[in-house]
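Worksheet for the structure shown next.
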Amino acid sequence: MSERRRVEIDINGETYGAEVEPRLLLSDFIRHEAGLTGTHVGCEHGVCGACTVQVDGDPVRSCLMFAVQAQGREVRTVEGMTDGLSEGELHPLQQAFHEKHGLQCGFCTPGFLMSLEPLMLDERDLTDQEIREALAGNLCRCTGYQNIVESVKLARERLRSGAESPAERE
Amino acid sequence: MKPPVFDYHDPATVEEALDLLAVHGDDGKVLAGGQSLVPLLNFRLAHPEHLIDVNNIGELSGIKRDGGRLRIGALTRQSMLERSALVADNWPLLTEALSFVAHAQIRNRGTVGGSVAHADPAAELPVAFLASDADFIVKSKRGERRISAVDFFVTHLTTTMEPDELMVAIDVPAPPEGAGYAFTEFARRHGDFALGGAAVLLAAEGRTCTSAAVGLLAAAPTPLRAAGAEEALVGSELSQDGAEAAAKRAVEQIDPTGDIHGSSEYRKGLIEVMVRRAIEKAAGRLDGDGLGFSRNGGGGR
């Protein structure tokens, strides 16, 4: 039988510890052990992208990793995006999704945000095609993607022009 | 949709991994990036008793030039290979192949050796390595073996690796001086499994082709070298007609498996077009291309 293991996993700068079976998926650890339900679980075989989180800064599928493999790594989930912001304030990418209608039902949104956040730091000019390739690993059945592309462009524009934070604008 | 129970091992060194494989190889699986294995586990299509997780073995990861050859540690992430300037400058066929591999989130985790050992005939890296005359270095307690790509793939998801063997590195020779390269692929959506594709490396003196490697994607139960196409190219003048003739030869002997996404006949036709385009594109990229291939963009027909 598979022995349970003690893991301590760093998620958004906090340590979550638990005794887990090695077969526990990281996605299930995040939701059921850490109680961070912002990470959504769709297909559980790496196709839909809903469960995307960042491990050591890189977007990965949390349904294709075991929790025991995240020991000693830095995991970031959608909840981490507003760390350090004031109550009610959104990350610039989230704010842009809100303004540009980059979501409808919202189920896929956390995965999109985790996949696309690294683009906020990409200093190159990106074509629509490049943005579309960056989001090709996430499925959205509501928006048709056009408004997600618009959201990414708006957020990048604001961040690159060093525009005021959304809270200050209001 | 949850993986079955297994015993989990996470060795820190190759030696420890080989000890574990010697004992558990028959009813165990090596877990590298997990981007193919974990879906199989989640679907319960695979139920190994033991998983030997090699992700903590630092010595298995890395890209370096060794003499004129490229040595890629088996655990090197696909995204690392994709971003390597050394590879883009000297082994651009690999970089181009990687642009078709799944999605960024998968490449961040998926490993180069894992893709090879998984041996999916519709996967890009195995075909690119086959066309590059690469060798795969595998190790067990019994010693180290170097298996050429031509001898490695047996059938769908099956290789000549023994259950106690671990892939440690991929060794790729330098392409011929001034070679032209191209990787082409058609999939329903970018990142999906390929319905067909080709990897081509060409060298020429003047207009005459001096060497040709043509690899076929999703054409057979294994990645395939198209010997007929290579024969047709070598020694002949590179031309549109030549590319067309070689592409015809490439699909003469193949009988791809048809399914809901495309009949066998459709796939055969598709692969022929992919080969022709890859030859035209590769010819257009030859050093000192005086052949006019690059001007018409490698043929958009």
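Considering only alpha-carbon pairs that sit under 8 angstrom and 6 or more positions apart, the relative contact order computed for the stretch A:5-81 is 38 percent. Of the residues B:SER61, B:THR208, B:ALA283, the one whose Cα sits farthest toward the positive end of the charge dipole of chain B, with +1 on the Cβ of Lys and Arg and -1 on the Cβ of Asp and Glu, is B:ALA283. Residue separation of B:ALA174 and B:ASP27 scaled by 0.36 nm, minus their Cα-Cα distance, works out to 49.2 nm of gained length.
All other residues whose Cβ lies under 11 angstrom from that of B:GLY34 are scored, Lys and Arg at +1 and Asp and Glu at -1, for a net of +2.
Between 0 and 90 degrees, the angle of helix A:146-160 with respect to the longest Cα principal axis of chain A falls at about 80 degrees. Its alpha carbons considered, the stretch A:5-81 gives a radius of gyration followed by a Dmax of 10.9, 30 Å.
Measuring r between the beta carbons of B:ASP287 and B:GLU231 and using R0 = 22 Å, the FRET efficiency lands at 0.40.
Summary of packing: across the peptides B:20-33, B:215-228, the per-residue average of other C-beta atoms within 10 Å ranks them, highest first, as B:215-228, B:20-33.
The mean count of C-beta atoms from other chains within 10 Å of the C-beta of residues in A:52-64, rounded to a whole number, is 5.
Counting only lysines at least 8 places from A:LYS153 when in the same chain, those with an alpha carbon closer than 30 Å to its own are A:LYS100.
Where a Cα-Cα gap under 20 Å defines reach, which lysines qualify for B:LYS248, not counting those fewer than 8 residues away within the same chain? Within the straight-line cut-off, B:LYS248 pairs with B:LYS268, B:LYS281.
B:LYS29: which lysines have alpha carbons under 19 Å from its alpha carbon, excluding same-chain residues fewer than 8 sequence positions away? Within reach: B:LYS2, B:LYS139, B:LYS141. At 222 nm, what helix-only mean residue ellipticity would the protein assembly as shown give, in deg cm²/dmol to the nearest 500, using -39500 (n - 2.57) for each DSSP H run of four or more? Calculated at 222 nm, the ellipticity per residue is -8000 deg cm²/dmol. Among the residues of B:96-107, the average count of other protein chain beta-carbon atoms within 10 Å of the residue beta-carbon is 5.
Taking label positions 7 Å along the Cα-Cβ direction at both B:ARG189 and A:THR37, the computed distance is 2.7 nm, reported to one decimal.
Charges were assigned to the Cβ only: +1 to each Lys and Arg, -1 to each Asp and Glu. The resulting dipole of the protein assembly as shown about its Cα centre is roughly 940 debye. Across peptide A:15-28, the mean count of Cβ atoms from other chains lying within 10 Å of each residue's own Cβ comes to 2. For the stretch B:7-53, the relative contact order comes to 59 percent (Cα pairs under 8 Å, sequence separation of at least 6). Positive end of the dipole of the protein assembly as shown (Cβ unit charges, origin at the Cα centre): among B:ALA229, B:SER239, A:GLY35, the Cα lying farthest that way belongs to B:SER239. Taking Cα centre as origin and charging only the Cβ of basic (Lys, Arg, +1) and acidic (Asp, Glu, -1) residues, the dipole magnitude of the stretch A:1-76 rounds to 140 debye.
Report note on the peptides A:12-21, A:48-57, A:68-77: ranked by the mean count of other C-beta atoms within 10 Å, highest first, their order is A:48-57, A:68-77, A:12-21. Charges on Cβ only, +1 for Lys and Arg, -1 for Asp and Glu, centred on the Cα centroid of the stretch B:58-172; of B:MET80, B:VAL138, B:LEU157, which one is farthest towards the dipole's positive end? Final value for the positive-end residue is B:MET80. Rounded, prolate or oblate: which fits the protein assembly as shown when a ≥ b ≥ c are the square roots of the eigenvalues of the alpha-carbon gyration tensor, with rounded for a/c under 1.5 and prolate only if a/b beats b/c? Oblate, since a/c reaches 1.5 and b/c is not below a/b.
Which whole-number percentage describes the relative contact order of the stretch B:36-156, with Cα contacts under 8 Å and a sequence gap of 6 or more? The normalised contact order for the stretch B:36-156 reaches 17 percent. Compute the long axis of helix B:240-252 from its Cα atoms, compare it with the longest principal axis of the Cα atoms of chain B, and write down the angle in degrees, 0 to 90, nearest 10. Approximately 40 degrees, to the nearest ten. Does the stretch B:1-127 come out rounded, prolate or oblate, given a ≥ b ≥ c as the square roots of the eigenvalues of its C-alpha gyration tensor, rounded meaning a/c under 1.5 and, failing that, prolate meaning a/b above b/c? The shape class here is oblate. If you rank B:LEU51, A:LEU154 by fewest surrounding Cβ atoms within 10 Å, what's the result? In order of increasing Cβ crowding within 10 Å: A:LEU154, B:LEU51.
Shown is the FRET efficiency for B:HIS47 and B:THR155, computed with R0 = 22 Å from the Cβ-Cβ distance and rounded to the nearest 0.05: 0.55.
Estimate the FRET efficiency between B:ASP255 and B:MET1 by the formula 1/(1 + (r/R0)^6), using the beta-carbon distance for r and 22 Å for R0, to the nearest 0.05. FRET efficiency, B:ASP255 to B:MET1: 0.05.
Laboratory data are not the source of any read-out in this text; all were calculated from the coordinates shown. Owing to the predicted nature of the structure, the values given are computational and were not obtained by experimental measurement. Neighbour counts run over all protein chains shown; Cβ positions are idealised from the backbone, glycine included.
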